[in-house]
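Trainee: Quick one: the structure is below, questions incoming.
The numbers here are math on the coordinates, done by the rules we state, and not lab data. Being a predicted model, the structure only gives us computed values, none of them experimental. Positions of Cβ are backbone-derived with ideal geometry, glycine not excepted, and every protein chain shown enters the neighbour counts.
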């Protein structure tokens, strides 16, 4: 085995191509992953986790890469990140107002994606199309541009009465979902949620919540030679080694013939990556 790099791992860097292009980020090093498909790849957890914010050594990673004190105090680890409609910036209780202004008080996109089926989601406008690739979507379509994260969360909350807001990760890794007419789904949602959407526009203003009716759907293709015959997850906390023939990559998952691993889950873990020549 040849060692490729070692260091604190972060979610893989992605770029839209046909197929999506991936790179490991291990400390300051980046390693293209697509060329490793078909080779034996080994990821070894070296036993240390260092908080991705303060660098403190921690036995357990919280909120994907943080130590417990940082998880309790940082704005990016607050409950409103997972539930943006619960944003409390206006109440003056944001953990870090400057961070909130940069990341939350900025334009967001509400979108439809087809990963394990149709779902609704939100992301910062500058994270399109990265967010879609990170989720393993094979199709995606922006349907609203919204002034703040909280407002996008309120729109999402309204739409998820009609469509799911989560991905079935096991279905995602068993094969591609059947293609869906996302513009048709968009029109159905606009009609079904018209009253609620009008209420939000009256509350925040027409400029704050703008429907996107003319954007084309984006098709996304992933570098996959084959899907695993059985979906079982590597757990580096129980067994420090994930190894096998790399079959493909989808979302932030590596697909081996021996199991799958979500790279993002192990953010801040010290990892050594090796492969056959």
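Trainee: For the chain, what is the mean residue ellipticity at 222 nm derived from helices alone (per DSSP H run of n ≥ 4: -39500 (n - 2.57); sum divided by total residues; nearest 500 deg cm²/dmol)?
Mentor: Using -39500 (n - 2.57) per qualifying helix, the result is -5500 deg cm²/dmol.
Trainee: Same structure again: Which order do the peptides 8-21, 76-89 come out in when sorted by mean C-beta neighbours inside 10 angstrom, highest first?
Mentor: The most tightly packed comes first, giving 8-21, 76-89.
Trainee: On to the next question. For the pair residue 28 and residue 99, what calculated FRET efficiency results from E = 1/(1 + (r/R0)^6), where r is the Cβ-Cβ distance and R0 = 30 Å, to the nearest 0.05?
Mentor: The computed FRET efficiency comes out at 0.80.
Trainee: Which one, 106, 267, 93, has the greatest fluctuation when you compute a Gaussian network model over the chain with C-alpha springs under 10 angstrom?
Mentor: Of the options given, 93 has the highest mean-square fluctuation.
Trainee: Okay, moving on. Report, largest value first, the span of the C-alpha coordinates of the stretch 73-168 along each principal axis, in whole Å.
Mentor: The principal-axis extents, from largest down, are 38, 26, 23 Å.
Trainee: With contacts defined as alpha carbon pairs under 8 Å and 6 or more residues apart, what's the relative contact order of the stretch 8-64 in percent?
Mentor: 21 percent
Trainee: Would you work out the relative contact order for the chain, in percent, from Cα pairs under 8 angstrom that are 6 or more residues apart?
Mentor: The value is 32 percent.
Trainee: Nearest 10 degrees, 0 to 90: what angle lies between the long axis of helix 182-192 and the longest principal axis of the chain (Cα atoms)?
Mentor: Taking Cα atoms only, the helix is inclined about 40 degrees.
Trainee: Which whole-number percent is the relative contact order of the stretch 31-133 (Cα, under 8 Å, 6+ apart)?
Mentor: RCO, the stretch 31-133: 11 percent.
Trainee: Another question, if that's okay. Can you tell me the 0 to 90 degree angle between the C-alpha axis of helix 149-159 and the longest principal axis of the chain, rounded to 10?
Mentor: Value to nearest ten degrees: 80.
Trainee: Rounded to the nearest 5, what % of DSSP beta bridges with both residues in the chain are antiparallel?
Mentor: Around 95 percent of the beta bridges assigned by DSSP in the chain are antiparallel ones.
Trainee: Angle between the Cα long axis of helix 194-204 and the longest principal axis of the chain, 0 to 90 degrees, nearest 10?
Mentor: 90 degrees
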